[in-house]
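Novice: Next up is a structure, given as structure tokens.
Derivation of every value follows stated rules applied to the coordinates shown; laboratory data play no part. What you see is a predicted model; the values in this text were computed from it and never measured.
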């Protein structure tokens, strides 16, 4: 039995090592690829030599994505996906196998911010329906993606699956107590984020099959979702709210709105297996930096307003040494250092 186990794990190690250096040409499914983070990530992967399948409800938007990737010399395809309809997941993975022979990596990026309303302010029938819709899209949709993704990766002998959560999962008790205003409207958003984080932790088990599962927890990046938050704040809290003021909820680069290109760069290190973050881990993302989500969860049940992430705790795309990748983050750090010297 020990010989059998040793053989099994040596094969998995050899397979993982090989994938680190020969991942180009592998097949990556990106859900929610019709806009925002999914769109930018798919383009980055296509430019790096991966064969990309963009999946989303808005197929017409995917046509533009495929055209962009192919115009740049990459290989891509598009497929309709409604994450609340399992039959479309079945179609997606069958399409991937027919078109490219299988799947090596899956980014479960599709999600939705439904009506923002706290339990104490629910009045209309659609308020409860909105909660259920958010759970159906963000949680059940992810579980279905994992179900079909794991089955596909088992055929390939391994690969990776990555979910997309947010800083809402684990946001501190202190920040919710009133000093930052009535944030209960974000309950439907935060509860799905926390659930996704736990799904990733549970999925650490699959590394025994050479299937690496990660969770990305982006802070505030430019996206349709952030636009929705801005609109909500303008109507209910402050009419002067901007995307940059929403970026005040970034735990390190406070007030700096992230560029979704950085999420694509972070994800690429997961796909090519150069990431230093462990499988089964949730990776917090803030502009062009990453940091351990444990640094935020340790404050969840405290009176801290927001987790005090420090410069020495942030890491680069791959979890290694951090170097600013744009002027905005470099300037933020310089200002931070100057303030500390005063």
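Novice: Who wins for biggest fluctuation among 320, 281, 178 in a Gaussian network model of the chain, springs between alpha carbons below 10 Å?
Specialist: Result: 178 has the largest fluctuation of those listed.
Novice: In terms of the ratio Rg/(2.2 N^0.38 Å) built on C-alpha atoms, what value belongs to region 112-198?
Specialist: Expressed relative to 2.2 N^0.38 Å, the Cα Rg reads 1.32.
Novice: For region 2-341, what is the relative contact order in percent, using Cα pairs closer than 8 Å and at least 6 residues apart in sequence?
Specialist: 16
Novice: Rounded to the nearest 10 degrees, what's the angle between the helix 327-341 long axis and the longest principal axis of the chain, both from Cα atoms, 0 to 90?
Specialist: 50
Novice: How big is D for region 175-277, in µm² s⁻¹ as a whole number, if Stokes-Einstein is applied with the Kirkwood radius of its Cα pairs at 37 °C and 0.692 mPa s?
Specialist: 208
Novice: Give the angle, between 0 and 90 degrees and rounded to the nearest 10, that separates the Cα long axis of helix 59-71 from the longest principal axis of the Cα atoms of the chain.
Specialist: 70
Novice: On C-alpha positions alone, give me the angle between the axis of helix 86-100 and the longest principal axis of the chain, in degrees, nearest 10.
Specialist: 50
Novice: Next question, about the same structure. How big is the Rg/Rh ratio for region 67-127, C-alpha atoms only, Rh by Kirkwood, two decimals?
Specialist: That ratio is 1.19, to two decimals.
Novice: Please state, as a whole number in µm²/s, the translational diffusion coefficient that the Stokes-Einstein equation yields for region 2-341 at 10 °C and 1.306 mPa s, with Rh defined as the Kirkwood radius across alpha carbon pairs.
Specialist: Translational diffusion coefficient: 77 µm²/s.
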